[in-house]
Amino acid sequence: MAAEAEKFASELFVSLDVTKENLQELYQDIGNELVEKGMVMSDYGEQLQQREANFPTGLVTNFGNVAIPHTDAKYVKKPFVYAIRLTDEVITKRMDQPEIEIPVKLLFVLGFTKSEDQLVLLTKMMQALNNESISNQFQQVDSPERFKEVLKEQL
């Protein structure tokens with residue numbers, strides 16, 4: 001992983017073909033998994049849900065909807081990016097128009113240990129997601145290893 005990628009994400013996690021009924025269930029499961037891995041504080045899943053309720057992260061890009069949920073840095077022990085591709089869409093709210101709900105199948109949960117890294121990493125992710133070739137790869141790759149390779153190249 002490049003030095004800059006290490007700065008933003010000491011760990012990259014990928015789960016493909018995940019089935020969840022809703023985002024609340026997904027966020028709680030992600031929180032539990034990341035707590036077990038020592039990446040986040042014990043209340044991370046709850047904090048992820050609360051932040052998403054107050055500051056939605058759904059984005060409409062040129063090549064599909066995506067969500068980029070995250071919490072305040074104080075809930076993260078080590079920086080990470082956790083990419084999740086769902087089997088079925090779940091509903092979230094748009095970041096730019098929170099009153100509008102959108103379906104998403106692709107999420108990138110971002111873990112920052114420094115608040116100032118948030119804007120840089122979000123910018124990198126938006127550039128990648130607005131690139132047709134990269135966006136298509138995120139939607140079509142068939143292995144977590146290949147997904148990680150594509151993601152690393154963007155960080």
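The values are calculated or read from the model by the stated rules, or taken from the named source; none is laboratory data. Remember, predicted model here, so these are calculated numbers, not experimental data. Here the Cβ is made from the backbone with ideal geometry for all residues, glycine too, and neighbour counts use every protein chain on show.
Against the test of being within 25 Å of residue 40 (Cβ to Cβ) and at pLDDT below 90, the options 127, 139, 154 yield a single qualifying residue, 154.
Listed here are the residues, each with its yes/no results for (1) over 12 Å from the mean Cα position of the chain (by Cα); (2) closer than 21 Å to residue 149 by Cβ.
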{"position": "17", "(1), (2)": "yes, yes"}
{"position": "26", "(1), (2)": "no, no"}
{"position": "33", "(1), (2)": "yes, no"}
{"position": "42", "(1), (2)": "yes, no"}
{"position": "63", "(1), (2)": "yes, yes"}
{"position": "81", "(1), (2)": "no, yes"}
{"position": "91", "(1), (2)": "yes, no"}
{"position": "119", "(1), (2)": "yes, no"}
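Would you check which residues across segment 27-46 are touching a residue at least 24 places away in the same chain (Cβ under 8 Å), out of contact with any strand residue (DSSP E or B) (no Cβ under 7 Å at 6 or more places or on another chain) and over 13 Å from residue 77 (Cα atoms) and list them? Scanning segment 27-46 gives a single hit, 27. Can you confirm whether residue 81 is part of a strand (DSSP E or B), within 15 Å of residue 118 (Cβ to Cβ) and in contact with a strand residue (DSSP E or B) (Cβ under 6 Å, 6 or more places away or on another chain)? Yes, satisfied.
Within segment 75-102, which residues are in contact with a Ser or Thr (Cβ under 8 Å, 6 or more places away or on another chain) and more than 22 Å from residue 32 (Cα to Cα)? Full working, then the answer.
Of the residues in segment 75-102, the ones in contact with a Ser or Thr (Cβ under 8 Å, 6 or more places away or on another chain) are 76-80, 82-88, 92, 95, 101-102.
Within segment 75-102, 95, 101, 102 qualify.
Any idea which of 110, 106 is touching a Lys or Arg at 6+ places or on another chain (Cβ under 7 Å), in contact (Cβ under 8 Å) with a residue 40 or more places away in the chain, under 22 Å from residue 154 (Cβ atoms) and not in a helix (DSSP H, G or I)? Please lay out each step first, then the result.
Values: 110 fails: touching a Lys or Arg at 6+ places or on another chain (Cβ under 7 Å).
Of the residues listed, the single one that is touching a Lys or Arg at 6+ places or on another chain (Cβ under 7 Å), in contact (Cβ under 8 Å) with a residue 40 or more places away in the chain, under 22 Å from residue 154 (Cβ atoms) and not in a helix (DSSP H, G or I) is 106.
For segment 113-155, which residues satisfy the criterion of being in a helix (DSSP H, G or I), of a type in the set (Val, Ile, Thr) and surrounded by 14 or more Cβ atoms within 10 Å (Cβ to Cβ)? So that I can check it myself, show each step before the final result.
Restricting attention to segment 113-155, the residues satisfying the condition of being in a helix (DSSP H, G or I) are 117-129, 132-140, 144-154.
Subsequent filtering for residues that are of a type in the set (Val, Ile, Thr) retains 120, 123, 134, 150.
120, 134, 150 - these are the residues of segment 113-155 that are in a helix (DSSP H, G or I), of a type in the set (Val, Ile, Thr) and surrounded by 14 or more Cβ atoms within 10 Å (Cβ to Cβ).
For segment 69-104, a residue qualifies if it is within 19 Å of residue 140 (Cα to Cα), touching a helix residue (DSSP H, G or I) at 6+ places or on another chain (Cβ under 8 Å) and among the charged types (D, E, K, R), and exactly one does: 85.
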